[in-house]
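The values are calculated or read from the model by the stated rules, or taken from the named source; none is laboratory data. Everything quoted here is computed from the prediction, not taken from an experiment. Cβ coordinates were reconstructed from backbone atoms using ideal geometry, including for glycine residues, and neighbour counts include every protein chain displayed.
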Amino acid sequence: MSCFLTKSSLGKKLVMSITGAFLVLFILFHMSMNLTAIISPDGYNAICRFLGANWYALAGTAVLALGVLVHFLYALMLTVDNYRARGKQRYAVTVTEPGVSWASKNMLVIGFIVLAGLLLHLFNFWAKMQLVEVLGGHASVVGGHTVAATDGAALIAYTFSKWYYVALYLLWFAALWFHLTHGVWSMFQTVGWANDTWYPRLKCIANVVATLVFLGFAAVVAVYFMKSCCSCCA
Amino acid sequence: MGFKLDAKIPAGELAQKWSNHKAAIRVVSPANKRKLDIIVVGTGLGGASAAASLGELGYNVKVFCIQDSPRRAHSIAAQGGINAAKNYQNDNDSVYRLFYDTIKGGDYRAREANVYRLAEVSNLIIDQCVAQGVPFAREYGGLLANRSFGGAQVSRTFYARGQTGQQLLLGAYAALNKEIAAGSVKSYPRHEMLDLVIEEGEARGIIARNLVTGEIERFGAHAVVLATGGYGNVFFLSTNAMASNGSAAFQCYRKGAGFANPCFTQIHPTCIPKHGDQQSKLTLMSESLRNDGRIWVPKKLEDVQALRTGKKQPSEIAEEDRDYYLERRYPAFGNLVPRDVASRAAKERCDAGFGVNETGLAVFLDFKTAIERLGKEIIKQRYGNLFDMYEEITDVSPYEQPMQIFPAVHYTMGGIWVDYNLMTTIPGLYAIGEANFSDHGANRLGASALMQGLADGYFVLPYTIGDYLSHKIQAPKVKTDTPAFDEAEKGVREKIAKLLSINGKQTVDDLHRRLGSIMWEYVGMARSKASLEKAIAEIQALRKEFWKDVKVVGRADGFNVELEKALRLADFLELGELMARDALLREESCGGHFRIEHQTEEGEAKRDDEHFVYAAVWEYKGPDQEPELTKEPLDFEFVHPAQRNYKD
Amino acid sequence: MKFTLKIWRQKDAASKGAFETYKVENISADTSFLEMLDILNNNLVHEGKEPVAFDHDCREGICGMCSLHIDGQAHGPSQGATTCQIYMRKFEDGATITIEPWRSAAFPVIKDLVVNRSAYDQILQAGGFISVRTNSVPDANAIPIPKADADESMDAAACIGCGACAATCKNGSAMLFVAARVSSLAKLPQGRVEAARRAKAMVAKMDELGFGNCTNTGACQAECPKSISIAHIARLNREFLSAKLED
């Protein structure tokens, strides 16, 4: 069994699919959590407190990190396999075949952008929240101000007052959008839950999920950026 | 001297012959089968099914094909279907009726006993293929569907869309793969048999060229099975695959195997007409199209002119100005007359000046009536693939305008002579499928080639070969370092060296094209004494020219397609002459062989049952020597040869 | 019409290949692509040069022998057609056409445009069959099969084994080929008996032979000359995973 998950091409794809599905669910959860920040910064902070350095949040984080790591490592592994399978001599001329999405052929590259965004995000938020608590602290200094590790709303307000973070985060969400438009229906295909009737539906679902995720995350960024603009003007 | 032909037809009632024979022939025990080697050359329906079945039985089988995989043999291109006497349609079909239709379709020039056996095992084939996972067309009730085909008044043709040959071959190829995996069969793709090796008067092996490395290799066995298909490519332009050739069969002929009825060639009525002089291949449109398509030419020559100059579209010609000549001439069978009849009728109309394209060599196959009757959807379901293919090739949509069709060489009924056991005149050498001459007489009915290939390979040869091999159980492994192998290999090497050294001015294709036009012109659909004599003289001259002036580039020790083609053409240049000789001798018209001197007043083929109820078996007598004829009389015990009548 | 052809020439498997440029003229629009190559080859032979080696046979789109990568597409510009079914009217007069062999580690070049596809045979030998012996079978109508199942089986069975799927796939994956066979047999009651064993054996062989992993780009179905759907890949995944979960 374990052998099949690491050696068989279909086993490896299954791991990609399951870790992918898990990450999609997490992203959807994270997005709904973020949306709270628009409605009620206090409510958002309540969630942040709930997900501090306690055992269940840490376990969740560990599982999540593992998910990301496995998804990433398997992607590398598959890509190396695939590069080898393609052979040394490459085509002189290639085209994009009709009906083939750009995202589907560039998942690794997009994945790297998503990963880079993730690292930035960890630096901006996680390093100032859960990590601080894990290390026994309660607050950190951000942009000259001391921010409590549970005050996610303040971190959001600070980060998205900077135009360059706004741009980087939007780029990140765009990459995520591309990744999900292929990834979401692809995971159904990999586990075998797809057929000709369902392809249009699954691809539609994938596009809807990707777009919701993009809009949900981008809304928070946009709202807080606007707020910062307004406060500047005022 | 000639051959002493013994067809070994079992005595007794027609329906009992095969069972009696099976009961009488010897079998080989499993322990002994393991010690016996069999070579099968060719992996079409006959070769693949035979190799798989023999492997299953426990023999050591080596199977050869010239393509890169056994799955690519030309059986794969058969579109329409496969006949069987299942009577699933309850239309009063029976083994006897299939037998009778086949004998009659073959214009009474086939052996009764062989044909009856073919009809008898036809039902087993369908069972076998379904069990192998061949996805035959089905009805909503889940049972097998049938369609009708030329030359029959019942629906007995099983089909898998327009790809029946492909599906049956994939079935046989899968069976072969199973045996390759089990180790009982060893496969040699990209290998071409270049000679047969005979020792003590028996077939003991072959010399083959590895088409990738150019190596000449020796293979020994206790029996050799030839399943190399037909030789239609002697015409250069035919519906056969580009690499289909008659060389393996011809080497056997050279080594003493009788070649029977070489002149019996089938011209298929529904091919896409030739478009220019640079064409390499003709494309067949399935005969099944004649189920719903109606064949016609204009009644008036001015309409023909208007069509040729593009002033009129075919759809603009009024119903009353169309001559549905098959329906007119053959009311009972209409558009479903046998292939030879349909082909000749098309030629007759075109010769009379009614050909509908610029070359004057085309007639219409029209689906207008069928589309009106059944709707476009149903027609699309039935023939969608074929219509798309036609449009791709010609840029004309058959939904809008009728197809243009013209006859083209398609199949050769003639081939290596075999007895009832499918053994040739050389002991230990068998020939199956299209490579032999046995079952179709002077004309093959549609959907019967697949039937014969699989009948021979699955259900006949595996039994009959045991009768011969039962005498070989004491024989040691065949050694390939003997003088006979040395000599055969030397001959092959010399021939290759000679071809590469000529360095003349004409390419193989140039010469082959010229042979093709001689064959089509003089040994084609309508033959005469004068045309055949001319053909013989011209082929002889061309053969001399070939050996003086052919240009074969490249080397012997590597992948060299030009060399492969040259070797094949060298044999075609002899085979063409043999076909002309056979046609010249057969002073009658029967099936695919039409001598213009022998026709009825209405222009139908006129058989001469007094003088020609025999298979003409030719014996090789040396280079540039006239071959010798031996006749195998055909004894019609059970059916009475009658004038074929498709009119009423 | 006239064309400039950039064709990959390679003496044998061990040699290093390179593109060479040729010109052909007076080509009729009704000429098929391979006939155009026949004409080129005939000219080359007349000039005493070695003709371009390419695989072809039936020229009717069914044998699966032809295998050219034309202007970046397996089997050239038409959808649902093999190389032999492409006609020169598809190209613009005076166009430059680049012709390459299949490029995939599992399909090494034998010469020029000819590649070795025996890996596909090996995959089928691993289990692409139903283990029935000749003559030990029930009557053909003994097991009714729903028409829809038979039709779907036939859709998959249309595969001609040409190799375009693996040649096109950026991952060099043979999944469409393997799936077509597994799916075709899995849809029939006769094939169900060995379905689990078959899926596992064929996938294992595919992996062993160095084909890549499917990433669901769908390029294979776009270039498949028989337009075989990746729905069959989904079925293969299902068959394989359910078989593995039972291990």
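Key figures
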read-out	value
Helices (runs of 4 or more DSSP H) within the stretch B:473-562 that include 3 or more residues within 14 Å of chain C (Cβ to nearest Cβ)	B:483-502, B:508-522
So B:Thr359, is it surrounded by fewer than 22 Cβ atoms within 10 Å (Cβ to Cβ), more than 20 Å from B:Gly150 (Cα to Cα), among the β-branched types (Val, Ile, Thr) and without any contact (Cβ under 8 Å) to a residue 12 or more places away in the chain	no
Hey, C:Ala186 surrounded by 24 or more Cβ atoms within 10 Å (Cβ to Cβ) and either of a type in the set (A, V, I, L, M, F, W, C) or under 27 Å from C:Arg103 (Cα atoms) (or both) or not	yes
Identity of the residue in the stretch C:64-96, in contact with a His (Cβ under 7 Å, 6 or more places away or on another chain) and facing another protein chain (nearest Cβ under 8 Å), that ends up surrounded by the most Cβ atoms within 10 Å (Cβ to Cβ)	C:Met65
Residue count, the stretch A:96-116 (criterion: at the interface with chain C (Cβ under 8 Å from one of its Cβ atoms), out of contact with any His (no Cβ under 8 Å at 6 or more places or on another chain) and either surrounded by 15 or more Cβ atoms within 10 Å (Cβ to Cβ) or over 28 Å from C:Gly80 (Cα atoms) (or both))	3
The stretch B:367-401 - residue that is modelled with pLDDT of 90 or more and touching a Gly at 6+ places or on another chain (Cβ under 8 Å) and, of those, farthest from B:Gln251 (Cα to Cα)	B:Ala370
Scope the stretch B:142-173; condition over 21 Å from the mean Cα position of the chain (by Cα), at the interface with another protein chain (Cβ under 8 Å from one of its Cβ atoms), in a loop (DSSP other than H, G, I, E, B) and under 23 Å from B:Ser49 (Cβ atoms); matching residues	B:Arg161
Which numbered condition C:Ile110 fails, given (1) surrounded by 24 or more Cβ atoms within 10 Å (Cβ to Cβ); (2) within 9 Å of another protein chain (Cβ to nearest Cβ); (3) farther than 20 Å from B:Cys129 by Cα; (4) not polar (S, T, N, Q)	(1)
Failed criterion for A:Ala37 (all others in (1) within 30 Å of C:Leu245 (Cα to Cα); (2) surrounded by 19 or more Cβ atoms within 10 Å (Cβ to Cβ); (3) at pLDDT below 95; (4) not β-branched (Val, Ile, Thr) hold)	(1)
Selection within the stretch B:263-316 - touching a helix residue (DSSP H, G or I) at 6+ places or on another chain (Cβ under 9 Å) and among the β-branched types (Val, Ile, Thr)	B:Thr265, B:Ile267, B:Thr270, B:Ile272, B:Thr283, B:Ile295, B:Val297, B:Val304
Hits in the stretch B:572-599 - residues which are surrounded by fewer than 23 Cβ atoms within 10 Å (Cβ to Cβ) and free of Cβ contacts under 8 Å to residues at least 24 places away in the same chain	B:His598, B:Gln599
Within the stretch B:14-78, helices (runs of 4 or more DSSP H) holding 1 or more residues that are without any contact (Cβ under 8 Å) to a residue 24 or more places away in the chain and of a type in the set (Gly, Ala, Ser)	B:17-24, B:30-33
So A:Val220, is it under 27 Å from A:Trp102 (Cα atoms), aliphatic (A, V, I, L, M) and crowded, with 18+ Cβ neighbours inside 10 Å	no
Condition check for C:Ile99: on the phi < 0 side of the Ramachandran plot and either within 11 Å of chain B (Cβ to nearest Cβ) or part of a helix (DSSP H, G or I) (or both)	no
Extreme residue, surrounded by the fewest Cβ atoms within 10 Å (Cβ to Cβ), among residues of the stretch B:174-187 that are more than 21 Å from B:Glu434 (Cβ to Cβ) and more than 8 Å from chain C (Cβ to nearest Cβ)	B:Gly183
Unmet requirement for C:Ala157, which otherwise passes all of (1) within 11 Å of chain B (Cβ to nearest Cβ); (2) touching a His at 6+ places or on another chain (Cβ under 8 Å); (3) among the small types (Gly, Ala, Ser)	(2)
Test result for B:Leu98, within 18 Å of the chain's Cα centre (by Cα) and surrounded by 24 or more Cβ atoms within 10 Å (Cβ to Cβ)	no
Residue list for the stretch B:610-633, filter: modelled with pLDDT under 95 and under 15 Å from B:Gly441 (Cβ atoms)	none
Positions within the stretch B:92-136 being within 14 Å of another protein chain (Cβ to nearest Cβ) and assigned to a helix (DSSP H, G or I), in sequence order	B:Glu120, B:Val121, B:Ser122, B:Asn123, B:Leu124, B:Ile125, B:Ile126, B:Asp127, B:Gln128, B:Cys129, B:Val130, B:Ala131
In the stretch C:20-52, the residues that are at the interface with another protein chain (Cβ under 7 Å from one of its Cβ atoms) and either in contact with a Phe, Trp or Tyr (Cβ under 6 Å, 6 or more places away or on another chain) or of a type in the set (Val, Ile, Thr) (or both)	C:Thr31, C:Ile39, C:Val45
The one condition in (1) among the hydrophobic types (A, V, I, L, M, F, W, C); (2) over 30 Å from C:Arg9 (Cα atoms); (3) surrounded by fewer than 18 Cβ atoms within 10 Å (Cβ to Cβ) that A:Ala92 fails to fulfil	(2)
Selection status of A:Ala57, out of contact with any Pro (no Cβ under 9 Å at 6 or more places or on another chain), aliphatic (A, V, I, L, M) and either under 22 Å from C:Ala222 (Cβ atoms) or modelled with pLDDT of 95 or more (or both)	no
So A:Leu180, is it within 14 Å of chain C (Cβ to nearest Cβ), touching a helix residue (DSSP H, G or I) at 6+ places or on another chain (Cβ under 7 Å) and under 30 Å from A:Ser40 (Cβ atoms)	yes
Selected residue (criterion: surrounded by the most Cβ atoms within 10 Å (Cβ to Cβ)) from residues of the stretch C:226-242 that are part of a loop (DSSP other than H, G, I, E, B) and of a type in the set (S, T, N, Q)	C:Ser229
Helices (runs of 4 or more DSSP H) completely within the stretch A:127-222 that count 3 or more residues being closer than 27 Å to C:Ile228 by Cβ and within 18 Å of the chain's Cα centre (by Cα)	A:163-191
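A quick yes/no check of all residues on (1) surrounded by fewer than 24 Cβ atoms within 10 Å (Cβ to Cβ); (2) of a type outside the set (A, V, I, L, M); (3) in contact (Cβ under 8 Å) with a residue 60 or more places away in the chain; (4) closer than 30 Å to B:Arg218 by Cα:
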{"site": "B:Val134", "(1), (2), (3), (4)": "no, no, no, no"}
{"site": "B:Gly141", "(1), (2), (3), (4)": "yes, yes, no, no"}
{"site": "B:Ser148", "(1), (2), (3), (4)": "yes, yes, yes, no"}
{"site": "B:Ser155", "(1), (2), (3), (4)": "yes, yes, yes, no"}
{"site": "B:Ala172", "(1), (2), (3), (4)": "no, no, yes, yes"}
